[in-house]
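Visitor: Here it is: the structure, laid out below.
The values are calculated or read from the model by the stated rules, or taken from the named source; none is laboratory data. Because the structure is a prediction, the values reported are computed rather than measured. Cβ sites come from the backbone with ideal geometry, for glycine too, and all protein chains shown count toward neighbours. To get the accessible areas, we keep the full protein, side chains included, count just its heavy atoms, and leave off ligands, DNA and RNA. Shrake-Rupley method; radii C 1.70, N 1.55, O 1.52, S 1.80 Å.
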Amino acid sequence: LRSHFRLSTDVLRYKAMDDSNNERSYMLSMTSTKQPAKETELAVSSLVLFPGNLTNARREEYRGEDVFGGAISYGMFDETNYDELTGKTVAIVGFGAFAVENIRTCCEHRSGQIYLVCRRKNLCLPRMVSWWINSSIFPVQAGDIIRELEDVYNWVGDDPWDYYAVTSNQTRTSVTIFQKARYGIGDIYFLSRHYGKTEVVQASVKRLTHLTVHLDNGSRLENVEALLKLLGFVPEWSVDKFLQLKHLYGFWVNDDHRICTISEFPTVNAQRFGGTSLSPGAISWCNMFYHFWKYPKDFGPILSSGMVNKHLPNVEKDEPGYVVDAKNGAQAMISIGAMCPQLAEVLAKFDDQFKRRKQWGTHSLEEIQALAEEDWLRYCKMFKDAGDDRPFPPYPFSKERVKDMVARQDQEEMEKLMKKGMIK
């Protein structure tokens, strides 16, 4: 395959070409990033684009940045020199996964006090809860996830059931998690809040004065020496333009089974979760696209059924057509699998059992838990070295607890399937 790779290459545009047998191909116009002035062409039978949804930072300028006097940067894309934050009070603006990761990075670089400034608080996952979800052989119910978060959130003075992302019936037997940002994952978020290193401040930045962040609720953060902006990401309309996209049927551009695009879904929206990482879904995506390239007649019934959502660009909401949210993406995958048994058979080979075998075959539960606990104690020592002499809090997710999480969820889901007569 290596001879067919074109690395360090930009694809500028493509043109559809139909031959006398009504067979369609596409001519790509490309340029090398090392010789951008020279264009070359390549004919292909299909085209799939993985543009990503985490490539274009949302940028915002606050009034008073010119007189702030401290460092101002975006906490991504190597735009921040974290070595310069040692000992300094830092305000992190935003509460997505990247903002949570910046808490860890600031702690690693021995910053001073950290303020996490956000309009609303998003759910974060401890490492072992994320591991549990990603190794589950049955998708984990949202309610079970929240119940496993209760003690770590109560420990820092919060209740996860009160978060905007969580909706449920009165008995909490039907629970949905829907938030605009992906989960931040890491134990350091909870530990740094416990030690008082990180303080969550619900407000928006109104303006800046010298080393001071003024908030829209009338309060202010003083002696702030660095401001890190982590305001999420914005989509790129150039993707729609390149794809010549009028609409997306599921993941296919303008109803053409030979041209498709997909990226990680930018939201969280489900009652059950089978993963928090990209790779399990990516296996299914690639097999799905390949199936319809190989068996194009299977695509016709799916297209004519109308059971897959059609996504159109929305300029007013700044939503290009290629960006699909978690709800529509999951519904598309379910519908396509149900309408194409041959594809479903292929995807079943890479099901949740496969996911667990791969994950546990690489590193056991015991190994992962031991490393997570070791990291926890390393951070505790770091806070002690900074002057906090309190006894180290025990790691919340012992081996016994994690084993019980796995066994209980496996058993409960098996019993449900037995009651439904799906297994004996």
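Visitor: List the residue pairs whose Cβ atoms are under 9 Å apart, where the first residue sits in segment 197-208 and is modelled with pLDDT of 95 or more, the second is of a type in the set (A, V, I, L, M) and part of a loop (DSSP other than H, G, I, E, B), and the two are 6 or more positions apart or on different chains.
Guide: Cβ pairs passing all conditions: K197/A386; V200/V156; L208/V224.
Visitor: Could you please give the count of residues in segment 231-283 that are open to solvent by less than 30 Å² (accessible area, probe 1.4 Å), of a type in the set (F, W, Y) and either part of a loop (DSSP other than H, G, I, E, B) or at pLDDT 95 or above (or both)?
Guide: So the count comes out to 3.
Visitor: In segment 354-388, what count of residues is obtained for those that are charged (D, E, K, R) and surrounded by 18 or more Cβ atoms within 10 Å (Cβ to Cβ)? First the steps, then the outcome.
Guide: In the first step, residues of segment 354-388 are kept if they are charged (D, E, K, R); the result is 355-358, 366-367, 373-375, 378, 381, 384-385, 388.
Okay, now just the ones that are also surrounded by 18 or more Cβ atoms within 10 Å (Cβ to Cβ), so 355, 373.
Residues that pass the stated criteria total 2.
Visitor: Inside segment 171-195, can you point out the residues that are open to solvent by less than 40 Å² (accessible area, probe 1.4 Å) and over 25 Å from the mean Cα position of the chain (by Cα)?
Guide: Once the filter is applied, which keeps residues that are open to solvent by less than 40 Å² (accessible area, probe 1.4 Å) and over 25 Å from the mean Cα position of the chain (by Cα), segment 171-195 yields only Y195.
Visitor: Taking segment 36-53 as the search range and keeping residues that are among the polar types (S, T, N, Q) and surrounded by 15 or more Cβ atoms within 10 Å (Cβ to Cβ), which one is nearest to the chain's Cα centre (by Cα)?
Guide: Within segment 36-53, the first condition is being among the polar types (S, T, N, Q), and the residues that meet it are 40, 45-46, 53.
Then drop every residue that is not surrounded by 15 or more Cβ atoms within 10 Å (Cβ to Cβ), which leaves 46, 53.
On the way: S46: 28, N53: 9 Å.
Ranking the qualifying residues of segment 36-53, first place goes to N53.
Visitor: Here's a follow-up. Taking the residues in segment 135-151 that are open to solvent by 10 Å² or more (accessible area, probe 1.4 Å) and at pLDDT 95 or above as candidates, determine which candidate is farthest from H194 (Cα to Cα).
Guide: Per the criteria, the residue is Q141.
Visitor: Do we have V90 as among the hydrophobic types (A, V, I, L, M, F, W, C), at negative phi, open to solvent by 40 Å² or more (accessible area, probe 1.4 Å) and touching a residue at least 12 places away in the same chain (Cβ under 8 Å) here?
Guide: No; evaluated as a whole, the condition is false for this residue.
Visitor: What tally of residues in segment 102-119 results from selecting those that are surrounded by fewer than 20 Cβ atoms within 10 Å (Cβ to Cβ) and small (G, A, S)?
Guide: 1
Visitor: When residues of segment 288-303 are filtered for being open to solvent by 40 Å² or more (accessible area, probe 1.4 Å) and closer than 13 Å to I262 by Cα, how many remain?
Guide: Qualifying residue count for the region: 0.
Visitor: Restricting to segment 1-35, count the residues that are open to solvent by 100 Å² or more (accessible area, probe 1.4 Å) and over 15 Å from D256 (Cβ atoms). Reasoning before the result, please.
Guide: Taking segment 1-35 and keeping what is open to solvent by 100 Å² or more (accessible area, probe 1.4 Å), we get 1-2, 4-7, 13, 15, 20-23, 34-35.
Among the residues that remain, those that are also over 15 Å from D256 (Cβ atoms) are: 1-2, 4-7, 13, 20-21, 34-35.
Residues meeting the conditions: 11.
Visitor: Taking segment 7-31, which residues are under 25 Å from P296 (Cβ atoms) and not in a strand (DSSP E or B)?
Guide: D19, S20, N21, N22, E23
Visitor: A follow-up question, please. Mind listing whichever residues of segment 156-175 are touching a helix residue (DSSP H, G or I) at 6+ places or on another chain (Cβ under 6 Å) and either among the polar types (S, T, N, Q) or touching a residue at least 60 places away in the same chain (Cβ under 8 Å) (or both)?
Guide: V175
Visitor: For segment 55-64, name all the residues that are of a type in the set (D, E) and either open to solvent by less than 40 Å² (accessible area, probe 1.4 Å) or without any contact (Cβ under 8 Å) to a residue 12 or more places away in the chain (or both). Don't jump to the end; show me each part of the working.
Guide: Our first condition is that a residue be of a type in the set (D, E); within segment 55-64, this holds for 60-61.
The one that is of a type in the set (D, E) and either open to solvent by less than 40 Å² (accessible area, probe 1.4 Å) or without any contact (Cβ under 8 Å) to a residue 12 or more places away in the chain (or both): E61.
Visitor: Select the strands (runs of 3 or more DSSP E) contained entirely in segment 32-139, then report the ones holding at least 2 residues which are under 30 Å from L12 (Cβ atoms).
Guide: Details: elements: 39-44, 47-49, 71-74, 90-93, 114-118.
By residue number, 39-44, 47-49.
Visitor: What pairs come up if the first residue lies in segment 36-54 and is under 18 Å from P296 (Cβ atoms), the second is open to solvent by 70 Å² or more (accessible area, probe 1.4 Å) and in a loop (DSSP other than H, G, I, E, B), and their beta carbons are under 9 Å apart, counting only those six or more places apart or on different chains?
Guide: S45/E23
Visitor: Only one of (1) at pLDDT 95 or above; (2) assigned to a loop (DSSP other than H, G, I, E, B); (3) within 25 Å of the chain's Cα centre (by Cα) fails for V402. Which number is that?
Guide: (2)
Visitor: Follow-up question, since we're still on this one. Just the residues that are open to solvent by 60 Å² or more (accessible area, probe 1.4 Å) and in contact with a strand residue (DSSP E or B) (Cβ under 6 Å, 6 or more places away or on another chain), please, taken from segment 156-167. Steps first, answer last, please.
Guide: Narrowing segment 156-167 to residues open to solvent by 60 Å² or more (accessible area, probe 1.4 Å): 157, 162, 164, 167.
T167 - this is the single residue of segment 156-167 that is open to solvent by 60 Å² or more (accessible area, probe 1.4 Å) and in contact with a strand residue (DSSP E or B) (Cβ under 6 Å, 6 or more places away or on another chain).
Visitor: Checking the structure you have, find out if any residue of segment 55-74 is over 26 Å from M288 (Cα atoms), of a type in the set (V, I, T), at pLDDT 95 or above and touching a strand residue (DSSP E or B) at 6+ places or on another chain (Cβ under 7 Å).
Guide: Residues of segment 55-74 that are over 26 Å from M288 (Cα atoms), as a first pass: 56-74.
If we keep only those that are of a type in the set (V, I, T) as well, we get 67, 72.
Within this subset, residues satisfying the condition of being at pLDDT 95 or above are 67, 72.
Add one more test, that the residue is touching a strand residue (DSSP E or B) at 6+ places or on another chain (Cβ under 7 Å), and what stays is 67, 72.
Scanning segment 55-74, I find at least one residue that is over 26 Å from M288 (Cα atoms), of a type in the set (V, I, T), at pLDDT 95 or above and touching a strand residue (DSSP E or B) at 6+ places or on another chain (Cβ under 7 Å), so the answer is yes.
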